[in-house]
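Colleague: First the structure, which I've put down as structure tokens, then a few questions once you've had a look.
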Amino acid sequence: MLTAWEGVDPNCIILVDLPGNIGDVLEVQKARIKLLASALNRPLICLWAATEEEDSIWLLKPMLDFIPPSQTLFIMNGRFGETLDKFELWNRSNTRAEFLAAGGSEGHLPVLSIYPRTKIARARCAFDDLAGAGLSMTEQIDFELWWAGVNRALQPLSDLLEIAR
């Protein structure tokens with residue numbers, strides 16, 4: 001993976017999706033990753049997709065030793081709670097208080113309702129061309145509201161990526 005980074009166009013963003021249990025491997029590799037990112041003049045940004053479970057909080061802590069809160073977006077997956085207040089463990093945690101005080105960002109990723117989500121998935125449509133999904137007008141409105149919520153939730157990530165350019 002790291003060798004491939006060297007050949008990527010400097011104008012492109014490299015997106016790496018790591019499994020949640022990457023901690024041990026990351027601990028061994030983080031010095032190499034930091035040095036290579038620095039040598040290639042590429043920032044490291046973390047999008048932390050969280051559930052409502054405790055491990056989303058305690059697994060985040062070692063990552064913040066690697067990528068600082070100011071370069072991290074903690075995004076709460078709406079499938080695990082419809083609103084921010086459903087993430088009680090995160091909301092009441094010292095980790096959250098420290099994370100936000102250190103410049104971290106958080107967001108709540110909404111959930112698309114089941115009917116349009118299922119139609120889009122079955123039609124294998126891209127979000128920018130839903131013509132083949134056969135959405136009703138109400139489902140189209142649901143999608144548009146959901147998409148606006150996704151954009152709001154990910155705005156801090158867009159800001160970090162813009163700064164990285």
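Colleague: Once the Cβ-Cβ distance between Arg152 and Ala37 is put in as r, and R0 is 30 Å, what FRET efficiency do you end up with, to the nearest 0.05?
Modeller: On the way: r = 28 Å, r/R0 = 0.95.
Here the calculated transfer efficiency is 0.60.
Colleague: From largest accessible area down, sort Lys30, Lys61, Lys86, Lys119; use a 1.4 Å probe on the protein chains.
Modeller: Working: Lys30 45, Lys61 95, Lys86 115, Lys119 70 Å².
The most accessible residue leads, giving Lys86, Lys61, Lys119, Lys30.
Colleague: Of all GluC sites (Glu not before Pro) in segment 64-108, which ones are in loop regions per DSSP and have a Cβ with at most 12 other Cβ atoms within 10 Å?
Modeller: When the GluC sites (Glu not before Pro) of segment 64-108 are filtered for loop state and at most 12 Cβ neighbours within 10 Å, Glu82 remain.
Colleague: State the antiparallel share, in %, of DSSP beta bridges confined to the chain, rounding to the nearest 5. Kindly include the intermediate steps, with their values, before the conclusion.
Modeller: Working: 1 of 11 bridges.
Just about 10 percent of them are antiparallel.
Colleague: OK, next. I want to verify a result. In a Gaussian network model of the chain, Cα cutoff 10 Å, which of these has the top mean-square fluctuation: Asp55, Asp24, Asp142?
Modeller: Per the Cα network of the chain with a 10 Å cutoff, Asp24 tops the list.
Colleague: Below 8 Å between Cα atoms, with a sequence gap of 6+, how large is the relative contact order for segment 67-165 in percent?
Modeller: Values: 90 pairs, mean separation 30.5, N = 99.
For segment 67-165, the relative contact order is 31 percent.
Colleague: Which one of Pro43, Pro69, Pro110 has the biggest mean-square fluctuation once the chain is modelled by GNM with Cα springs under 10 Å?
Modeller: Comparing Pro43, Pro69, Pro110 in the GNM, the peak value goes to Pro43.
Colleague: What's the carbon and sulfur percent of segment 93-165's accessible surface, probe 1.4 angstrom, rounded to a whole number? Walk me through the intermediate numbers first.
Modeller: Numbers: 2600 of 4740 Å².
For segment 93-165, the apolar C and S fraction of the accessible surface comes to 55 percent.
Colleague: Just reorder Val8, Val25 by solvent-accessible area, largest first, 1.4 Å probe, all chains present. Intermediate values should be presented prior to the final figure.
Modeller: Values: Val8 50, Val25 85 Å².
The ranking, largest first, comes out as Val25, Val8.
Colleague: From the protein chains alone at 1.4 Å, what is the descending order of accessible area for Leu154, Leu2, Leu89, largest first?
Modeller: Numbers: Leu154 50, Leu2 25, Leu89 95 Å².
The most accessible residue leads, giving Leu89, Leu154, Leu2.
Colleague: Charges at C-beta only: +1 for Lys and Arg, -1 for Asp and Glu. How large is the resulting dipole of the chain about its Cα centre, in Debye rounded to 20? Write out the running numbers ahead of the final one.
Modeller: Numbers: 15 positive and 22 negative charges, 48 e Å.
Roughly 240 debye, rounded to the nearest 20.
Colleague: With the contact rule set at Cα under 8 Å and sequence spacing of 6 or more, what percent relative contact order holds for the chain? Write down the numbers at each step before the final one.
Modeller: On the way: 155 pairs, mean separation 32.5, N = 165.
About 20 percent, as a whole number.
The values are calculated or read from the model by the stated rules, or taken from the named source; none is laboratory data. As the structure is a computational prediction, the values presented were derived from the model and not from experiment. As a convention, Cβ positions derive from the backbone with ideal geometry for all residues, glycine included, and neighbour counts pool all protein chains shown. SASA here: full protein model, heavy atoms, side chains in, ligands and nucleic acids out. Shrake-Rupley method; radii C 1.70, N 1.55, O 1.52, S 1.80 Å.
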